[in-house]
Amino acid sequence: MVYSSRLFSSILAIALGLAIPNLSFAMEIIPQTQTNPADWRALLEQARKNENDDQYPEAEALYRQILTPPRSRSINDYMFYYIQIRLGTILQTQGKFTEAIAVLQEVIDRAPDQAGIREVRESARLTLARVIREQENSARRLEQGVRAIEQDPLSPRGYPNLVRGLAARGQLVEGATFLETNLGRSLSPEEALRLARAASNAWVSGNTSGPGYPSSGFVRQQAIILFRQLVNRYPDYEPLRTEFLDILSIGGRLEELIAAYREAIQRQPTQGLYSRLAAALERAGQTAAAIQTYEQILGQPSTNPWIYRQFGNFLERNQQNDRAILLYLQFIQRFPDSSPGDPRCQGVRVTGYDGLVGIFANQNRLDQLLTTVEQSIPNTPAIVYFNLALALKYADRSDQAAIVLARLQQLYPNDELSQEPLEGGCGGSL
């Protein structure tokens, strides 16, 4: 059978992982006497999809199903051996080096020495060389990692080498067991943290990617599983739990992050954890649960002022401006001295005054702002007038600021704030 050079150039690129086969093009040379060709093609398409979705065992099972005897008459030699190379590649991805080597060697040994198939055999040789090289590299990294940790239990180099070797062999989840077996002892909490931290680092996959290597997303999920194991083993070691939450917030599943925050709150209910839980709930679209979480924080006697502003921002984003106004008024009543910071200052956090001004400005009713504040805060203190005027000034609403300042001077003519220049500065912000 004569094959075009264009076809086999494509097949070579495919086998090396440089392209995805165009099955309709590949079928041009399949004999017309084929039977039910759609079966294996559908399996191949699904296997490729599984690979893209990091479902490596599922992809492997499908490749094996296609290759299981008796061989379909609709699969010609080059496609049959191409699928074998894909099987060898997915085996390497999972760290099954011995199996991958056997599969690829079979292609080299059995593929006929004829035009067209030679390119497939060459791609098998190149793939085999990569698998052997990665097998040797992973073994070397594991040996170096264990040796370094034996010499220094908190070795800055041992853990990165170890986790790279484990990830290449598909054994990152078993990292703690592997290390303890080779050390002949249990890990300390500090060692567990070093191991989990190294496994979660972005460079755990090194600078390798593409066919034959697990994706960074897959490795991250394996690292999270390992991290969770170690948190469960050392539940009272807070540094481990804290970093686990940080890793989950970056690369974990949202429902898992929410569950972890709830668990952490049960152990130690801090406002920071409640705040992060509320933010995660908002990301998950659980608005009611997020509001309930913020309200739990506000019910605590030592609530920090920034919680009000964070909750207010949440309410504004979710089109609940009336409720946000009430919240900002509560903020002002509870923290009247929280002076707005000059927006020209670096790192300024705005206050309830700024939030209130922002909403009324967006609603084009700043003329009602002063009346609303006075009705909501009986016997309005001088500092409230001053800070409200300051927030208006920083919002480029100088006319309204002058009205509020005049009201301050009318009600508190002898108060030093009546003579104070309308300036806030950077130090007075939250």
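None of the figures in this text is laboratory data; all of them are computed from the coordinates on show. The structure displayed is predicted, hence computed values, not measured ones. Cβ placement follows ideal geometry from the backbone for every residue including glycine, while neighbour counts extend to all protein chains displayed.
Descriptive notes on the structure:
- The percentage of C-alpha pairs in region 216-259 whose separation is greater than 14 Å is 44%.
- At the listed q of 0.06, 0.07, 0.11, 0.13 Å⁻¹, the Debye profile of the chain, built from one uniform point per Cα, gives log10 I(q)/I(0) equal to -0.47, -0.59, -0.90, -1.04.
- The distance linking region 288-330 with region 102-148 is 59 Å (Cα centroid to Cα centroid, whole angstrom).
- Across region 136-226, the relative contact order, built from alpha-carbon pairs under 8 Å that are at least six residues apart, equals 29 percent.
- Of the peptides 95-107, 64-76, the ranking by mean beta-carbon count within 10 Å, highest at the top, reads 95-107, 64-76.
- Efficiency of FRET between D39 and E99 - r from beta-carbon atoms, R0 30 angstrom, step 0.05: 0.75
- Choice from N137, N414, N201 with maximal GNM fluctuation in the chain (Cα, 10 Å cutoff): N414
- Across region 40-94, the mean sequence separation of Cα contacts (distance under 8 Å, 6 or more residues apart), normalised by length, yields a relative contact order of 38 percent.
- Principal axis dimensions, largest first and in whole angstrom, of region 108-261 by Cα: 65, 39, 22
- Counting every other Cβ atom within 10 Å of each residue's Cβ, S138, S209 order from fewest to most as S209, S138.
- Applying 0.36 nm per residue to the separation of A139 and I108 and subtracting their alpha-carbon distance, the gain on full extension is 8.7 nm.
- Diffusion constant of region 152-235 at 37 °C, which comes from Stokes-Einstein with the Kirkwood Cα-pair radius and 0.692 mPa s, µm²/s: 257 µm²/s
- As computed over region 308-430, the Cα convex hull volume per residue (Å³): 97 Å³
- Theoretical gain in end-to-end length, E180 to L298 [0.36 nm per residue, Cα-Cα removed]: 37.9 nm
- Across the chain, Cα pairs under 8 Å and at least six residues apart give a relative contact order of 9 percent.
- Highest average first, the peptides 382-390, 271-279 ordered by how many other beta carbon atoms sit within 10 Å of their residues are 382-390, 271-279.
- Largest first, the extents of the alpha carbon coordinates of region 253-303 on the three principal axes equal 32, 22, 12 Å.
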